[in-house]
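For reference, the structure discussed in these notes is given below.
The values are calculated or read from the model by the stated rules, or taken from the named source; none is laboratory data. Only a predicted model underlies this, so the values are computations on that prediction, with no experimental measurement involved. Cβ sites come from the backbone with ideal geometry, for glycine too, and all protein chains shown count toward neighbours.
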Amino acid sequence: MARRQKLVQESNERLSRMDSKSSLEVGLSKAEAEAASAEALAMERMLPQCRIIAPFDGRVGDLMIRVNQFVSEGQPVMELLNDSRLVLEFIVPSAWIPWFVPGYTFNVTIDETGDSYQAALSHLGGKVDPVSQSIKAYAVLSGPEVGLIPGMSGRVRLKTPAAQTAPSSPR
């Protein structure tokens, strides 16, 4: 834009020397060229501040802007996923709370790869869903996570404690 305005200004100055442009038109084109030049300089000085430095190595999950798009301060530009330690999230019956404790180990098979991994329960969610009588469980894989990315799904295989004998009903 600044280059275009500068060319218009130079053309108007030539035309003015041939008495084809007024001094007002020359002055206006000069002012527009200076304004465009100042705007370009301001953007050039802001450019070093347009770097995004993440607090961790990870993956871009979603890009919310496009090339050459202006971004307002505070506007999200991307979703950055920390894939250094993947966490399994799944739901279990709330009746399991007494025996399904952190450290409990089990296997999980990832649908996308077909590979099985050993995992350990890290913690349970903070509340029980009263409708489904279930609670969220979170676990981490015990071995390397090569080839896994956030969002994959799978099947958790747990060995539940032996069923207790059902109490007899009153007669």
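Within segment 82-102, the set of residues being loosely packed, with under 11 Cβ neighbours inside 10 Å and under 15 Å from V156 (Cα atoms) comprises just one member, E89. For segment 74-117, a tally of residues being part of a strand (DSSP E or B) and closer than 24 Å to R59 by Cβ returns 13. Y117 meets each of the listed conditions (1) of a type in the set (S, T, Y); (2) under 30 Å from L47 (Cα atoms); (3) surrounded by 15 or more Cβ atoms within 10 Å (Cβ to Cβ) apart from (2). If the condition is being polar (S, T, N, Q), within 13 Å of L158 (Cα to Cα) and surrounded by 13 or more Cβ atoms within 10 Å (Cβ to Cβ), then segment 103-114 contributes N107, T109. When you check D57 against the structure, is it under 30 Å from M43 (Cα atoms), assigned to a loop (DSSP other than H, G, I, E, B), among the charged types (D, E, K, R) and without any contact (Cβ under 8 Å) to a residue 60 or more places away in the chain, yes or no? In short, yes. On inspection, V71 qualifies as at pLDDT below 90 and closer than 30 Å to M43 by Cβ.
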